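Here the structure is laid out as structure tokens; the discussion comes afterwards.
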Amino acid sequence: MCGRYYIDEGLWDEDLGHLLQQAVRVSAKLCADMKTAGEIRPTDIAPVIAPNALNRAMGAFPMQWGFAHPTRGMLVFNTRMETAPEKDLFTSSVNDRRCLIPASGYFEWKRADKNKKERFAFRAADEAPLFLAGLYIRTSQEHRLPCFTVLTQDAPKALKDIHPRMPVIVPLKRAEEWLSPDTDFHEMIHSLQPELLVEKA
């Protein structure tokens, strides 16, 4: 997956509006400049769904997309789901700090020739919101916001011509299942097969 997803204002309908308001309240308290619509890029702060620390109920919180790798210095905004459980950086997050990133769609770039790339927008076939599976961490006690990374997997054959990877997408009806530490990480991911529409953007 490339480093861009987008949120239409209509994403926050009656079903998700209360989650947005919760994230807005937290971001105001922390004086965080959170983006709730438009294109979201790495280092932006955006609403992310995660369990509440007190009662494990599903809530929404401002989080920053990506973080500096502690030893390599590179920005980590995507993480391969195949290797995440094996990496020290994500071992605890795989079990206890899973999250969902609400999006209307995401972008990928395909190289048309050596000097030009074409942009494609991916969205749900039924026009429903997408919920990108992710992991979050706290990089330090001084950093007031958690940081998240989007999990990626191999793209299906029909999409590989545009990009070999894609975000892991979880349907809303399985959101609580994904967020629960009792759910097997790989078993659930391999059961997800979203239908996507693709068009030049």
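See the values below:
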quantity: Condition met for Thr152 (of a type in the set (S, T, N, Q) and farther than 24 Å from Val26 by Cβ); calculated: yes
quantity: Output for region 30-47, where each listed residue is among the small types (Gly, Ala, Ser) and in contact with a helix residue (DSSP H, G or I) (Cβ under 7 Å, 6 or more places away or on another chain); calculated: Ala37
quantity: Within region 27-55, considering residues that are of a type in the set (Lys, Arg) and in a loop (DSSP other than H, G, I, E, B), the one surrounded by the most Cβ atoms within 10 Å (Cβ to Cβ); calculated: Lys35
quantity: Filter result for Phe120 (closer than 21 Å to Gln64 by Cβ and surrounded by 14 or more Cβ atoms within 10 Å (Cβ to Cβ)); calculated: no
quantity: Scan of region 179-189 for residues that are without any contact (Cβ under 8 Å) to a residue 60 or more places away in the chain and over 17 Å from the mean Cα position of the chain (by Cα), ordered by number; calculated: Asp182, Thr183, Asp184, Glu187
quantity: Leading residue by the ranking (surrounded by the most Cβ atoms within 10 Å (Cβ to Cβ)) among those in region 56-71 that are modelled with pLDDT under 90 and aliphatic (A, V, I, L, M); calculated: Met58
quantity: Unmet criterion (only one of (1) buried (at least 19 other Cβ atoms within 10 Å of the Cβ); (2) in contact (Cβ under 8 Å) with a residue 60 or more places away in the chain; (3) farther than 14 Å from Gly3 by Cα; (4) over 13 Å from the mean Cα position of the chain (by Cα)) for Cys147; calculated: (4)
quantity: Among residues of region 71-91, those that are under 14 Å from Cys147 (Cβ atoms) and either hydroxyl-bearing (Ser, Thr, Tyr) or in a loop (DSSP other than H, G, I, E, B) (or both), counted; calculated: 5
quantity: Extreme residue, farthest from Val48 (Cα to Cα), among residues of region 136-163 that are part of a loop (DSSP other than H, G, I, E, B) and among the β-branched types (Val, Ile, Thr); calculated: Ile162
quantity: Among residues of region 164-201, those that are in a helix (DSSP H, G or I) and either modelled with pLDDT of 90 or more or not aromatic (Phe, Trp, Tyr) (or both), counted; calculated: 12
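The values are calculated or read from the model by the stated rules, or taken from the named source; none is laboratory data. Nothing here was measured: the structure is a model prediction, and the numbers come from that model. Reconstructed Cβ throughout: ideal geometry from the backbone, glycine too, with neighbour counts over all protein chains shown.
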